[in-house]
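Have a look at the structure below before the remarks.
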Amino acid sequence: MKHTFRDADFNKLAELWNAFYPGRYAVDADLLRQNTVDSPLFDWGASEILTDDNDQVRGFVSVKRSAASLYRGPDRDSAHLNAIAYTDPRIGLDLLFDAKQTLRNRGLARLVFGMDSGHFFPGCPVDFRNLSDFLMIEGFAEGGEYFDLERDLTGYSNKFPVPKDDELRLIEASDLPALQRFLEREFPDRWRYDVTKKVAAEGPVCVFGLFHGSEMDGFALIQDWTHTKPIGGAVWRKDLGDHWGSLGPIGVSKRLRGRGSGNALLGEALSCLAERGVRRCIIDWTTLDKFYGGHGFEKSRFYRHLSLSLE
Ligand SMILES: CC(C)(COP(=O)(O)OP(=O)(O)OC[C@H]1O[C@@H](n2cnc3c(N)ncnc32)[C@H](O)[C@@H]1OP(=O)(O)O)[C@@H](O)C(=O)NCCC(=O)NCCS
């Protein structure tokens, strides 16, 4: 029988997810709820759960709408396949068929795998061939590749010099207006939205700031195991283990780039996480392996952009 997500049992959905995906992508019920129905973009009409006669979950598809209503940048005509899991590919095909029909009827042009606001995946996991093959057979076309990086921060300390006139520290409540001015000026789209939402949930301790003169000129979002609303790479907290940490996004004002601020900001923010007791730390959804590699990070998960034309 097919159901909407209205009365979804998230423990059962997480059980199916964890049987479907390789262990490094394991999630729990809270995370699944947070990144699906708790999102303002969750698409109640295009998402669906299939159960069998014994009320066991056999598959589900979670779709999100474009984030164009939340911030600038996203394509209004794209929807996102936020999550899919099934016990049999035929069930996956059936659920995806329904989702595509619904989206086509609304005149949408594309279904993108992941990359949604409040995402699990920045693309299809490259090491999960069953899923990528399934989506390619469905007609999804490949694009660029991204990766996550990881390292254990035990014993980490920053070795990069702090450029003259830069001040690097955790932000405080009194810095929030400066943070907003900086994000408006430099990263007004998804990052402004994500950072603002994260600060509202966890407080200013999740932002490490770069101050230059009277203005804020850089930031790094940092997360650790005490956080209640993990975003980005922190969704893989189960695989990262106790005392997990996460860094990113990170950004420096355009006018200050290329003079060492980025390395110093990254180094000091990682030192802050190490001092908190973070062990495995993730930096997600990037292509900058040299920049992060200079701090001992190594590539871990790989994702391939996949997108399906609905026209
Ligand atoms: C990435 C960023 C924070 C680096 O800040 P920065 O102040 O320019 O960094 P630094 O001057 O300390 O230089 C850091 C190193 O990274 C390299 N680097 C920085 N940005 C890069 C990019 N987009 N592509 C490739 N290399 C880059 C620099 O060449 C430098 O390498 P080097 O030490 O071998 O010379 C800054 O470029 C930025 O804000 N970019 C836009 C946001 C962004 O892309 N963030 C990372 C998302 S994963």
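The values are calculated or read from the model by the stated rules, or taken from the named source; none is laboratory data. If you're wondering where the values come from, they're calculated on a predicted model, not measured in any experiment. Using ideal geometry, Cβ is built from the backbone for each residue, glycine included, and neighbour counts are taken over all protein chains shown. To get the accessible areas, we keep the full protein, side chains included, count just its heavy atoms, and leave off ligands, DNA and RNA. Shrake-Rupley method; radii C 1.70, N 1.55, O 1.52, S 1.80 Å.
Quick notes on this one:
- Set of the stretch 74-112 residues, backbone N closer than 18 Å to the point 7 Å along the Cα-Cβ line of D52: 85-95
- Restricting attention to the chain, lysine pairs at least eight places apart or on different chains and with alpha-carbon atoms under 16 angstrom apart total 8.
- Residue order for I84, I137, I250 - accessible surface, 1.4 angstrom probe, largest first: I137, I250, I84
- Cα convex hull of the stretch 2-121, projected area averaged across orientations, nm²: 7.1
- Across every direction, the projection of the convex hull enclosing the Cα atoms of the stretch 69-162 has a mean area of 9.9 nm².
- The stretch 150-301, relative contact order in percent, only Cα pairs under 8 angstrom and at least six apart counted: 34
- Modelled spin-label separation between E172 and F97, with each label point placed 7 Å from Cα along the Cα-to-Cβ direction: 6.2 nm.
- Placing unit charges on the Cβ atoms of the charged side chains and taking the dipole of the chain about its Cα centre, the candidate lying farthest along the positive direction among L149, M115, T287 is T287.
- Cα Rg, Dmax (largest Cα-Cα span) when computed across the chain, Å: 20.1, 68
- Just the protein heavy atoms count here, and of the accessible area of the stretch 1-86 at 1.4 Å, carbon and sulfur take up 43 percent.
- R0 of 51 Å, Cβ-Cβ distance N105-D189: FRET efficiency to nearest 0.05: 0.95
- Share antiparallel - DSSP beta bridges, the stretch 210-291, percent rounded to 5: 80
- Fraction of the pair-distance distribution of the stretch 150-301 above 24 Å, Cα-Cα pairs, percent: 26
- For the stretch 93-142: span of alpha carbons on each principal axis (Å, largest first): 33, 25, 18
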